[in-house]
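Only one structure is covered here, and it is reproduced in the block below.
The values are calculated or read from the model by the stated rules, or taken from the named source; none is laboratory data. Treat the numbers as computed from the prediction; the structure is a model and nothing was measured. Virtual Cβ from ideal backbone geometry, glycine too; neighbours counted across all protein chains shown. For accessibility, only protein heavy atoms count, side chains too; no ligands or nucleic acids. Shrake-Rupley method; radii C 1.70, N 1.55, O 1.52, S 1.80 Å.
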Amino acid sequence: MDQKLESKLQEFSEARRNGFLKVKEFKDRGENIVGIFCTYTPKELVYAAGAYPVSLCSISEETIPASEKHLPKNLCPLIKASYGFALTDKCPYMYFSDLVIGETTCDGKKKMYEYLGEIKDVHVMQLPHNRENKFAQKMWEEEIRVLKNKLEEKFNSEITEKKLKEAIKLCNEEREVLKEFYSLGKMVPPVISGYEMQKVLQGVNYTFDKKEQNENVRRLIENYKKKYENKEYVASENAPRILITGCPLGGVVDKIIKPIEEAGAIVVAYENCSGAKNLEELVDETIDPIEALGKKYLNIPCSIMSPNTGRNEMIERLVDEYKVDGVIEIVLQSCHTYAVETHSVRRFLNERAIPFMSLETDYSQSDNGQVKTRLEAFIEML
């Protein structure tokens, strides 16, 4: 691999760890930090308040034993890890957060936030779960206004319409650059592995200078395009092309993505939170900013929405655009909304003769062998 390309990839791979030092520097100079968990958080408001949003640690089993002293063992590992890192002070992002924003995406998170509120200042947004309800948009806009007031009070800052529009423009630019980056997966033969792609998509959650980040991603895009021109492919034209859907992947990337590609397939697209689901739609810059934020964020096709027709529609489009040969769904243990939705996705893809498998797992290493065997069998079938 080209040394410059490898260096940039390494930066994004280590962004979470390097950000630990950066967030302390920010606090030492008096900056405000807001911890966030989910793609439903309108981070534009955080920027407009003069603060910096950062994703909180929830991708390791390290603190799950501590969290299980308060939370049930048969709970989603993401929720347990999130609470565990707060409980043990092992996440610098959580430790230095002046405010933590949560959303009522699922019952497990909603109840966990009650305990988390005993440790940190937590603001919970009440998310409507049916976007087709005629009141849902207005409800969500009102929740955004409540968050706006909370941020202004917390940081003694006025969120003007001008500041909010500037923040929307900044975040839209990030979305457009990242969309161009993950669209590299459309190339046949592929020039980027799904593992490399995921490391970048994860890394941007821990970078603070978004303009610098965008420039770095643009350089990556150009480097990969040159690789394509030079026919420096990472897999053959006949390698099975995989779309990943389902739960957030942070804690299971090495367990899932690596074995897929070691078995001879290539992950070309991510429908889940770190990929298309969150980044495809921009915030409308031509209408009232609160209304625009409400529309964009309420339209994320997560399984917590009911009904959630947007997910299958997005999967179908990605299958076509990325020339996908098979779809693999990742369901984290006890994530009931995704587990229930598996039947709908399987039926939808079966009707279109698109191979599909659903894999339920958690953050532990105990099922690595079983997971690897199942993935290899699926890829062999393709």
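Summary table below
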read-out: Positions within the range 67-79 being closer than 17 Å to residue 332 by Cα and in contact (Cβ under 8 Å) with a residue 24 or more places away in the chain, in sequence order; value: 71, 74, 75, 76, 77, 78, 79
read-out: Qualifying residue in the range 124-140 (condition: among the acidic types (Asp, Glu), open to solvent by 40 Å² or more (accessible area, probe 1.4 Å) and at pLDDT 95 or above); value: no
read-out: Pairs with Cβ under 9 Å, 6+ apart, first in the range 164-188 and over 30 Å from residue 238 (Cβ atoms), second among the basic types (Lys, Arg) and at pLDDT below 95; value: 170/210; 170/211; 171/210; 173/210; 173/211; 174/210
read-out: Among residues of the range 361-375, those that are farther than 12 Å from residue 328 by Cβ and out of contact with any Asp or Glu (no Cβ under 6 Å at 6 or more places or on another chain), counted; value: 9
read-out: Selection within the range 20-46 - in a helix (DSSP H, G or I), in contact with a strand residue (DSSP E or B) (Cβ under 7 Å, 6 or more places away or on another chain) and either of a type in the set (Gly, Ala, Ser) or modelled with pLDDT of 95 or more (or both); value: 43, 46
read-out: Single unsatisfied condition, residue 285 versus (1) without any contact (Cβ under 8 Å) to a residue 24 or more places away in the chain; (2) farther than 25 Å from residue 333 by Cβ; (3) of a type in the set (Asp, Glu); value: (1)
read-out: Among residues of the range 53-91, those that are of a type outside the set (A, V, I, L, M), assigned to a helix (DSSP H, G or I) and open to solvent by less than 30 Å² (accessible area, probe 1.4 Å), counted; value: 7
read-out: Flag for residue 315 being within 18 Å of residue 197 (Cβ to Cβ) and part of a strand (DSSP E or B); value: no
read-out: Qualifying position, being assigned to a helix (DSSP H, G or I), touching an Asp or Glu at 6+ places or on another chain (Cβ under 9 Å) and either within 29 Å of residue 339 (Cβ to Cβ) or small (Gly, Ala, Ser) (or both), among 169, 109, 154; value: 109
read-out: The one condition in (1) of a type outside the set (Gly, Ala, Ser); (2) touching a Phe, Trp or Tyr at 6+ places or on another chain (Cβ under 7 Å); (3) without any contact (Cβ under 8 Å) to a residue 60 or more places away in the chain; (4) in a helix (DSSP H, G or I) that residue 200 fails to fulfil; value: (3)
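Here's the yes/no breakdown for (1) closer than 24 Å to residue 303 by Cβ; (2) open to solvent by 40 Å² or more (accessible area, probe 1.4 Å); (3) touching a strand residue (DSSP E or B) at 6+ places or on another chain (Cβ under 7 Å):
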| residue | (1), (2), (3) |
| --- | --- |
| 203 | no, no, no |
| 212 | no, yes, no |
| 225 | no, yes, no |
| 240 | no, no, yes |
| 245 | yes, no, yes |
| 248 | yes, yes, no |
| 252 | yes, no, yes |
